[in-house]
1. Only one of these is in contact with a Ser or Thr (Cβ under 7 Å, 6 or more places away or on another chain), buried (at least 19 other Cβ atoms within 10 Å of the Cβ) and either more than 25 Å from residue 40 (Cβ to Cβ) or aromatic (Phe, Trp, Tyr) (or both): 103, 87. Name it.
2. How many residues does region 38-84 contain that are more than 17 Å from residue 158 (Cα to Cα), in a loop (DSSP other than H, G, I, E, B) and β-branched (Val, Ile, Thr)?
3. Return the pair list, or none, for Cβ contacts closer than 7 Å from residues in region 38-49 that are under 18 Å from residue 111 (Cβ atoms) and in contact (Cβ under 8 Å) with a residue 60 or more places away in the chain to residues that are aliphatic (A, V, I, L, M) and part of a loop (DSSP other than H, G, I, E, B), at least 6 apart or on different chains.
4. Wholly within region 190-300, which strands (runs of 3 or more DSSP E) include no fewer than the required count, namely at least 2 residues that are within 20 Å of residue 334 (Cα to Cα) and of a type outside the set (Val, Ile, Thr)?
5. Filter region 27-82 for residues that are more than 30 Å from residue 453 (Cβ to Cβ) and of a type in the set (Gly, Ala, Ser); which is surrounded by the most Cβ atoms within 10 Å (Cβ to Cβ)?
6. Tell me, which strands (runs of 3 or more DSSP E) lie completely within region 307-412 with 2 or more residues that are of a type in the set (D, E, K, R) and surrounded by 15 or more Cβ atoms within 10 Å (Cβ to Cβ)?
7. Please identify the pairs in which a residue from region 299-312 that is in contact (Cβ under 8 Å) with a residue 60 or more places away in the chain has its Cβ atom under 6 Å from the Cβ atom of a residue that is in a loop (DSSP other than H, G, I, E, B), counting only partners at least 6 apart or on another chain.
8. If a residue must be β-branched (Val, Ile, Thr), under 18 Å from residue 93 (Cβ atoms), assigned to a helix (DSSP H, G or I) and in contact (Cβ under 8 Å) with a residue 12 or more places away in the chain, how many such residues does region 471-510 contain?
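We did not get these values from a lab; they are worked out from the coordinates using the rules stated. If you're wondering where the values come from, they're calculated on a predicted model, not measured in any experiment. Positions of Cβ are generated from backbone atoms using ideal geometry, with glycine treated the same way; all protein chains shown enter the neighbour counts.
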Amino acid sequence: MPMALTKFKKELKLHQENGFFKNLEIHRGIERESLRVGHNGSISQKDHPIGLGSPLTSTDITTDFSEALIELITPTFASTESLFKHLSKLHHFVYGAMEEEILWNFSMPCAFEDESEIRIAEYGHSNMGMLKHIYRKGLKLRYGSIMQCVSGIHYNFSLSDTSWLPVVDNVTQEYINEKYLHLIRNVKRNFWFILEQCGASPITHKSYLYGRKHSLENYGKEDLFMPFATTLRMSEAGYQSPIQESLKITYNNLNEFVDAVIKGISAPYEKFKEMGLLDEKGFPQQISTGILQIENELYDIIRPKRTGPSGSRPANLLKQKGIEYIELRGIDVNPFIPEGISENKIKLLDIFLIHSLISDSPNINKQENEEIKLNQKTMVTNGRSKDVKILQKGSYKALSELRKNFYEELSLVALAMDEYSPGYLNALESEVVDTSPPSQKIMRILMDTNISFKEFGLSHSQEIAKKFRKKIDGDFSVLLNNSMDSLEQQKIIEETKDININKYVELYNSKLKREK
């Protein structure tokens, strides 16, 4: 038996004997992104549907970069079943408000004629709404609009305070911070598994990379791909910013992490400085000239998070109050699931994250950090190759060997989690035994049918739209009331007298210096 497995079994047994799994209470939520497209598969030019409420104040449905990029937000749930049921209800509700449009059920976006088709999301004329719009203007300025139209799944995960009691006598925020950082480091070490299991974007329409350098290959006349890719969304051609590596973000210490993020916002970056904070009319076109405009511009597969009042700076909240939950971001939309993620896959994420929590997790040094980056690139670009190898402690190991050992550990965690809530081992076996991950299924369909990504994406999304448009029994009154309330909240905000927007941006930036 490998030494690592022996060590893991001891740690797992200790948690079981202490009653960790019997006492476990997971809080989980999902943010799911999707582009609105018309009947011909082109990005929508219409306003965010009024029936969905205000994207500024709604707790259920907002927009991301584009006016057409919808984001569905669930509350947190104590069971995977309740979470999935609510996510499905949100989709039905959206389709009830969209008329003839559909949701593009893929991570890589639809085809574009020109970048000008993409409308930046608008949130009204309040300072709060304008700040969100300015941030998106900055993203367009820095990276272009097309890159911002990829869609993904964000999985928010935390444990109740009482969940820690079997393993520690005094549950302090400092202890919770350390445990979540512990989890984050292991997620990064083993992210190859998520890329293999959840990668679902091996191909894209050529328009996604118009005007950008790339190393992708032609596939047919319209598309670009990598022969063994799992997720172009997570590749160098995807939703990435290589310059952020200069921030040397680590997850070994919370203060170090927050300080690096603040430095990334506060210290001017020459290229972005030259672009200027203001446009030719003297209106803000970026929130800051740093590598990051704001905290949310940090592109990473996982982030520590803390909720707070509107207008609060996330960096300040983390420093003052600590980590509340983690956000797992590197999950592609599964096009074969109408909701973008299945209940079994949610359970798989729970297993993976609990495994990350209870496994040994030393600090990540410079050498290991380089290995993690290289492994991610390997799995993103070559993860479906039978010969792929992963680097661990300076040595290459066959993915097949790593997968076998890792699956054995996950099986033990799943079995233990069945004590918390039945169905985890079955879910793991169902997901991992399937030897065709979503990325492989997509390429097989395209090869077998000899159609383009655009054709497949549109016809497949149309079929899913038909499912959601079918009349179903259910009570949508809460979502409808939330929608109407959000419109009223925006109206109240906009009736409140605001200061000059330039001054508002200046004050927003000053909070990072003032709130320590």
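1. Numbers: 103 fails: either more than 25 Å from residue 40 (Cβ to Cβ) or aromatic (Phe, Trp, Tyr) (or both).
After ruling out the rest, the residue left standing is 87.
2. 2
3. Close Cβ pairs (under 7 Å, with a partner that is aliphatic (A, V, I, L, M) and part of a loop (DSSP other than H, G, I, E, B)) amount to 41/111; 43/68; 43/118.
4. On the way: elements: 203-205, 217-219, 223-225.
Because the criterion is at least 2 residues that are within 20 Å of residue 334 (Cα to Cα) and of a type outside the set (Val, Ile, Thr), the strands (runs of 3 or more DSSP E) in region 190-300 that meet it are 223-225.
5. Step one: filter region 27-82 for residues more than 30 Å from residue 453 (Cβ to Cβ), giving 27-29, 50-51, 53-54, 56-60, 75-82.
Cutting the leftovers down to of a type in the set (Gly, Ala, Ser) gives us 29, 51, 53-54, 58, 78-79, 82.
Details: 29: 19, 51: 17, 53: 27, 54: 24, 58: 22, 78: 13, 79: 13, 82: 14.
It comes out as 53.
6. Details: elements: 325-332, 389-392, 395-398.
Ranges flagged: 325-332.
7. The qualifying pairs are 299/240; 299/241; 304/323.
8. So in region 471-510, the residues β-branched (Val, Ile, Thr) come out as 472, 478, 492-493, 496, 499, 501, 505.
Checking the rest, the ones that are also under 18 Å from residue 93 (Cβ atoms) come to 472, 478.
From what's left, assigned to a helix (DSSP H, G or I): 478.
Cutting the leftovers down to in contact (Cβ under 8 Å) with a residue 12 or more places away in the chain gives us none.
Number of matching residues: 0.
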